[in-house]
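The values are calculated or read from the model by the stated rules, or taken from the named source; none is laboratory data. All values reported here derive from a predicted model rather than from experimental measurement. All Cβ positions, even for glycine, are placed from backbone atoms using ideal geometry, and neighbour counts span all protein chains on display. Just so you know, the surface numbers come from the protein's heavy atoms only, side chains and all, with ligands and any DNA or RNA stripped out. Shrake-Rupley method; radii C 1.70, N 1.55, O 1.52, S 1.80 Å.
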Amino acid sequence: MTGYKILVLNGPNLGALGKRQPEIYGNSTMDILPELVEQVLGKNTANVSLEFYQNNSEGKLIDRIEQAREEGIDGIVLNAGAYTHTSLALADCLAWVELPVVEVHLSNVLARSEPLRQKSFIGRHVIGVIAGFGMMSYALAVQALFQHLKD
Ligand code: DQA
C-alpha cells in the first residue's frame with residue numbers, strides 16, 4: 001500500500017497553542033500529534049505522512065490549500081480557527097479544490113457560549129467534523145481521513 005500525504009493546516013492564533021487560553025485549548029502543542037497519531041493508527045502510521053502549516057492570514061491559508069492540490073496532497077486536516085465562522089473565501093476555496101478535508105476543533109464549538117461559534121462556513125465542503133477532544137481531535141481526524149482515503 002502506498003502512503004498518504006496529509007496536510008495538517010492551522011489557522012489564526014493556533015501558533016500560540018500551549019500558551020493561548022489553556023483552559024479552553026489545553027497545554028499541548030502540535031509536537032505531540034505524531035505520538036497521538038501512532039496511538040490511533042498503530043501499524044498504519046507508516047502509511048501516512050504528515051505535513052504541518054500554520055498561518056494567521058486568510059489568504060495564506062487559501063494559497064496553501066491551492067498549493068496542496070498542485071502537490072498531490074491526498075487530504076487535509078483543517079482547523080481554520082475563527083475563519084471557520086467567518087470566511088466565505090476559505091469556503092469558496094474548499095468548494096473547488098475538491099480535496100477531502102476533515103474540519104477539526106480543539107474545543108467543542110457547539111457547546112461554547114458565543115452563538116457565532118456554532119456556525120461553520122466551511123462545514124458544507126468537508127467530509128466530516130471532529131470537535132472537543134483537544135489535540136486528540138487532530139489524531140482522530142487523521143484516522144478518519146486515512147480510512148476515507150483507503151476505502
Ligand atoms: C477553534 C475554535 C474557534 O472558534 C476559535 O476561533 C479558534 C479555535 C478550536 O480549535 O476550538 O481559534 O477552532
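At-a-glance table
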| quantity | calculated |
| --- | --- |
| Accessible area of LEU149 in the full protein assembly, 1.4 Å probe (Å², nearest 10) | 40 |
| Under Karplus coefficients 6.51, -1.76 and 1.60, residue-wise ³J(HN,Hα) of the range 145-150 in Hz, glycine/proline x | 5, 4, 4, 4, 6, 6 |
| ³J(HN,Hα) computed for each position of the range 47-58 - Karplus, 6.51 cos²θ - 1.76 cosθ + 1.60, integer Hz, glycine/proline x | 8, 10, 10, 9, 10, 10, 8, 10, 8, 8, 9, 4 |
| For VAL48, residues with placed amide H under 5 Å, excluding near neighbours | TYR4 |
| Accessible surface, the chain, averaged per residue in Å² (probe 1.4 Å) | 50 |
| In the range 18-60, the trypsin sites (Lys or Arg not before Pro) that fall in loop regions by DSSP, at most 13 other Cβ within 10 Å | LYS19, ARG20 |
| Cα-based shape type of the chain, given that a ≥ b ≥ c are square roots of the gyration tensor eigenvalues and the cut on a/c is 1.5 | oblate |
| Cα-based reach from LYS119 at 15 Å (exclusive), listing aspartates and glutamates while leaving out same-chain residues under 8 positions away | GLU103 |
| Contour excess over end-to-end distance, with Cα ends at GLU66 and ALA111 and 0.36 nm allotted per residue | 13.0 nm |
| Sequence of PHE121, PHE146, PHE52, PHE133 from largest to smallest accessible area, 1.4 Å probe | PHE133, PHE52, PHE121, PHE146 |
| SER49, SER137, ranked by accessible area, largest first (probe 1.4 Å) | SER49, SER137 |
| Percent carbon-and-sulfur accessible area, the chain, ignoring ligands, DNA and RNA, probe 1.4 Å | 49 |
| GluC sites (Glu not before Pro) within the range 51-151, DSSP loop, no more than 14 other Cβ atoms inside 10 Å | GLU98 |
| For the range 100-142 versus the range 17-73, the gap between their alpha-carbon centres in whole angstrom | 14 |
| The chain: calculated mean residue ellipticity at 222 nm from DSSP helix runs of at least 4, using -39500 (n - 2.57) | -10500 deg cm²/dmol |
| Residues in the range 109-151 that a label on GLU35 would reach, taking backbone N under 17 Å of a point 7 Å out along Cα→Cβ | 134-140 |
